[in-house]
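The values are calculated or read from the model by the stated rules, or taken from the named source; none is laboratory data. Everything numeric in this text was worked out from a predicted model, so none of it was measured. Note that each Cβ is placed from the backbone with ideal geometry, even for glycine, and that neighbours are counted across all protein chains shown.
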């Protein structure tokens, strides 16, 4: 437990300094940064060689944080999030000016997931802000299911690489993505 605490502290220090972390999420390994820091978000785009028109997911640790960074949430958001904790990414209306602009689409929506993985919950809780989560792969390449599948360029591009769960052998998958408009209309974007 002490090793995990130190791992989280190093990751939080990296986030606070505008750095990029490579860390396990409740789905796959991800590249992350402070979701409110546009310069840090640009670093993640550069590491992934990702086109700027493709947004990234934001992780929050609770409904309270979700409500702080999004707006006009219909009841179905709570029902879906409770039914599939950590396994479902929701595209929701973002509160203006709180997230880095690269994480908000032209129509004002942002992809957000309430994480259920204890490492992520503690990381975000200690950081006290949402964290970017995008698959730890070059844009267009398949997402790595385990740490050993992450390309060396991605590992070297991160300012801090978490120790936690590096030896996992389970085959993780990205989360489904669902857009929910303010009137509750649901559109499945990724199964």
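Summary of computed values
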quantity: Residue satisfying condition, being within 19 Å of residue 161 (Cβ to Cβ) and outside any helix (DSSP H, G or I), within set 92, 15, 22, 73; calculated: 22
quantity: Residue within the range 88-96 that is in contact with a helix residue (DSSP H, G or I) (Cβ under 6 Å, 6 or more places away or on another chain), within 14 Å of residue 131 (Cα to Cα) and surrounded by 14 or more Cβ atoms within 10 Å (Cβ to Cβ) present; calculated: no
quantity: Candidates 178, 124, filtered to the one that is in contact with a helix residue (DSSP H, G or I) (Cβ under 8 Å, 6 or more places away or on another chain), in contact (Cβ under 8 Å) with a residue 24 or more places away in the chain and in a strand (DSSP E or B); calculated: 178
quantity: In the range 63-84, residue nearest to residue 126 (Cα to Cα) [restricted to those that are buried (at least 20 other Cβ atoms within 10 Å of the Cβ) and modelled with pLDDT under 90]; calculated: 81
quantity: Residue among 87, 40 that is under 26 Å from residue 8 (Cβ atoms) and either at pLDDT 95 or above or outside any loop (DSSP other than H, G, I, E, B) (or both); calculated: 40
quantity: Test: residue in the range 153-162 that is within 14 Å of the chain's Cα centre (by Cα) and part of a loop (DSSP other than H, G, I, E, B); calculated: no
quantity: Conditions (1) within 25 Å of residue 17 (Cα to Cα); (2) modelled with pLDDT of 90 or more: number failed by residue 109; calculated: (1)
quantity: Enumeration of residues in the range 156-187 that are surrounded by fewer than 13 Cβ atoms within 10 Å (Cβ to Cβ) and over 20 Å from residue 94 (Cβ atoms); calculated: 156, 167, 169, 170, 171, 173
quantity: Residue within the range 141-156 that is without any contact (Cβ under 8 Å) to a residue 24 or more places away in the chain and either in contact with a helix residue (DSSP H, G or I) (Cβ under 6 Å, 6 or more places away or on another chain) or under 21 Å from residue 101 (Cα atoms) (or both) present; calculated: no
quantity: Residue match in the range 47-62 (condition: surrounded by 14 or more Cβ atoms within 10 Å (Cβ to Cβ), part of a loop (DSSP other than H, G, I, E, B), modelled with pLDDT under 90 and over 15 Å from the mean Cα position of the chain (by Cα)); calculated: no
quantity: Residue check, residue 137 in a loop (DSSP other than H, G, I, E, B), loosely packed, with under 13 Cβ neighbours inside 10 Å and modelled with pLDDT of 90 or more; calculated: no
